[in-house]
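Enquirer: I am attaching a structure below and will ask some questions about it afterwards.
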Amino acid sequence: MKVYSKLFRYVSDTKLYGYLSIIISSISAFFMIYGYYYIYKFFNEIIVSGNFKNASFHSIQIVFYLTLSALLYLVSGLASHVLAFRLETNLRKRGIDGLTDSSFRFFDLHSSGYIRKTIDDNAAKTHMAVAHMLPDNSQAFLVPIFALVLSFVVSMRVGIVIIILTIVSGLILNGMMGNGEFMKLYQASLDRLSSETVEYIRGMQVVKIFGTKLKSFKALHDAIMDYSKYAYEYSISCKNPYVLYQLIFLGLIAIISIPLSFFLTGISDPKIVTLELIMIFFLSGVMMVSFMKIMWASMNLFNANYAIDNLENLYNKMQEDKLSYGKKENFDNFDIEFENVSFSYGENKVLDNFSLSLKENKIYALVGPSGSGKSTIAKLLSGFYKLDSGAIKIGGYSLEEYTKESIVSNISFIFQDSKLFKKSIYDNVALADENASREEVMSAISLAGCDEIIAKFKEKENIVIGSKGVYLSGGEKQRIAIARAILKKSKIVIMDEASASIDADNEYELQKAFKNLMKNKTVIMIAHRMTSIKNVDEIIVLENGKVVERGNNELLLENEGLYNKLLHLYKTANDWRVSNEKLL
């Protein structure tokens, strides 16, 4: 019931179907044994009394009650399946809702393949425990009780045999269910195998290009070996009890016949013994099926409990490190200040006691070697991550004092590889402000230099991106993303290497779009193209999470520090060519 209480939390509006399934299945169990009672009456009339007329009447009752039991069991199963499918749906929805509201750090620490498999696979594992086990559990525990009562109705001897059979089966059943800790190891090895398989498939292009062999993927190889080991050991651990279980039930009549043969001469009425043997045969079959259901219930409930624990653990991780929000809606100004900020990705500390002040309505460029903390600073300012310590302030107030809506509406982030939706160019831009008029959207499109893009298509701005024959270059996609940012009218704009992979044909138009975007805004640029930051108000040079230099282009060139070195390396790399001699 602890497992079901966990599961039912996710289907509170439909858990009535679960209780209905249990009640109907319980009634089905009663009618099934009642049908076996009339089987007893039927054979009693034929074998002992010789009254075929009564036997014919009892045969009709057998058909009626067993059919009624089967129909009720079917209805019970339908109710439990409705609940099971709703549960799977709700678990997946809960995962999707959690993903839309989770921190960026969660996505840094968990791959998309792992997240998808954890949600899909574990949601599916709950199906058997609800769809099949709800009706089966009721019958598995009630049928043996009703069967025991019926066995004593038949005779004391039949009752004693069924009690002994129940005790022996219960002891054997414990061995068939498998050890709980062993089951955890088995499930963990299966999860690891699934995860490593996904990673291997994602790396197939590398395998094909470089001719790498499977053995080089040691993690996948180890996962396969671990899973095969635990799967084999689990099967072997259940083998002996299961074989013994089948021998006892399938050979029960033969086992009873051995001691019975020594007492046949002392039995006054062989017909009654024949009737008792027939009922033992029927009731032992009922008990065998019931105990098998208990065994499957144990395994499926373990899987469901393991699955729901995995899902809830994932859901909890989604909520970790989320930025909390306050009630302040308006910014007094857009001065930015980092106060003793510390932040790390897992064990990797990126910023330690970092401080930086930026005045509003100026353009700043963050430069530095890879891993110096440029992108991290930009993402922290956008509210993508929760700080380990310290504070980031805008207008003199911490980010956590503002509402989520005010932060989202006042900060725009343009990535190196902007994502567009399979919608029209117009709709992609209009997403930035659902209340914007058509004139405002078209103005943003024009300011971003997208007029020549939409001129290529007969449908103009209504052309659907991704439809047949519609191809946009990286620079064209970036200009549409800039149009979206212009329409948003955010006072702070962050550009993370927004022009890093732009071709020469698009660079001129893109620079004009950037100029229109940055008017009267606080702009923070992260750029590898050193030529694109010469005219900014201030360049901030970072190294190992620290500000080592800051100033305009002329001042930093005079200092001959890290900025000068980076600029020299950029020029060297830009001028590098492969000569014919080197090719030879």
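The values are calculated or read from the model by the stated rules, or taken from the named source; none is laboratory data. Just so you know, these numbers come straight off a predicted model, no measurement behind them. Quick reminder, even Gly has a Cβ in these numbers, built from the backbone with ideal geometry, and neighbours come from all protein chains shown. Note: areas computed on protein heavy atoms with side chains; ligands, DNA, RNA excluded. Shrake-Rupley method; radii C 1.70, N 1.55, O 1.52, S 1.80 Å.
Enquirer: How charged is the neighbourhood of GLU439? Take every other residue with its Cβ under 13 Å from the Cβ of GLU439, and add Lys/Arg as +1 and Asp/Glu as -1.
Expert: Summing Lys/Arg as +1 and Asp/Glu as -1 gives -2.
Enquirer: Starting from the Cα coordinates of the range 414-456, work out the convex hull volume and express it per residue in Å³. Before the final figure, lay out the partial values.
Expert: Numbers: hull volume 3.9 nm³, N = 43.
Here the figure is 91 Å³ per residue.
Enquirer: Once you have the Cα-Cα distance between ALA391 and LYS460, take 0.36 nm times their residue separation minus that, and quote the gain in nm to one decimal.
Expert: Gain in length upon complete extension: 20.2 nm.
Enquirer: A further question follows. Grab the other residues whose beta carbon is less than 10 angstrom from that of LEU487, score K and R as +1, D and E as -1, and report the net.
Expert: That sum, taken over residues with Cβ under 10 Å, equals +1.
Enquirer: So what is Rg over Rh here for the range 1-126, counting just Cα atoms and using Kirkwood for Rh?
Expert: In the range 1-126, Rg relative to Rh is 1.32.
Enquirer: Which peptide among 30-40, 329-339 comes first, and what is the full order, when sorted by highest mean count of other Cβ atoms within 10 Å?
Expert: The most tightly packed comes first, giving 30-40, 329-339.
Enquirer: Here's another thing I want to ask about it. Excluding residues on the same chain fewer than 8 positions from LYS491, give the aspartates and glutamates whose Cα lies under 13 Å from its Cα.
Expert: Within the straight-line cut-off, LYS491 pairs with ASP332, ASP335, GLU360.
Enquirer: Accessible area, 1.4 Å probe, largest first: how do TYR19, TYR397 sort?
Expert: So the residues, ranked largest to smallest area, are TYR19, TYR397.
Enquirer: A further question on this structure: Beta carbons within 10 angstrom, averaged per residue: use that to sort the peptides 239-247, 165-173, highest first. Mind dumping the intermediate values first?
Expert: Values: 239-247: 14.7, 165-173: 16.3.
Those peptides, ordered most packed to least, come out 165-173, 239-247.
Enquirer: Let me ask another. I need the P(r) histogram for the range 267-359: all alpha carbon pairs, bin width 10 Å from 0 out to the longest distance, whole percents.
Expert: Pair shares across the bins are 11, 15, 17, 12, 10, 9, 8, 7, 6, 4, 1.
Enquirer: Roughly speaking, what is the stretch gain from THR89 to ASP101, that is 0.36 nm per residue apart minus the C-alpha to C-alpha distance, in nm to one decimal?
Expert: Extra length available between THR89 and ASP101 comes to 2.5 nm.
Enquirer: Roughly how many nanometres apart are two label points built 7 Å out from the Cα toward the Cβ at LEU16 and HIS221?
Expert: Roughly 5.9 nm, to one decimal.
Enquirer: Considering only lysines 8 or more places apart in sequence, or on different chains, count the pairs in the range 278-406 whose C-alpha atoms sit under 16 Å apart.
Expert: Lysine pairs, 8 or more places apart or on different chains, close enough: 16.
Enquirer: In the full protein assembly as shown, how much of LYS328 is accessible to a 1.4 Å probe, in Å² to the nearest 10?
Expert: My reading of the accessible area for LYS328 is about 50 Å².
Enquirer: Sticking with this structure for a sec: How many nm is it between the label spots at LYS6 and ASN348, if each spot is 7 Å from the Cα in line with the beta carbon?
Expert: About 3.3 nm separates the two model spin labels.
Enquirer: Let me ask another. Could you tell me the calculated FRET efficiency between LYS565 and SER112, based on Cβ-Cβ distance and R0 = 41 angstrom, to the nearest 0.05?
Expert: Given R0 = 41 Å and the Cβ-Cβ separation, E is 0.65.
Enquirer: If I take R0 = 41 Å and measure r between the Cβ atoms of LYS534 and LYS327 in this structure, what FRET efficiency does the formula 1/(1 + (r/R0)^6) give, to the nearest 0.05?
Expert: Values: r = 42 Å, r/R0 = 1.02.
Efficiency at R0 = 41 Å is approximately 0.45.
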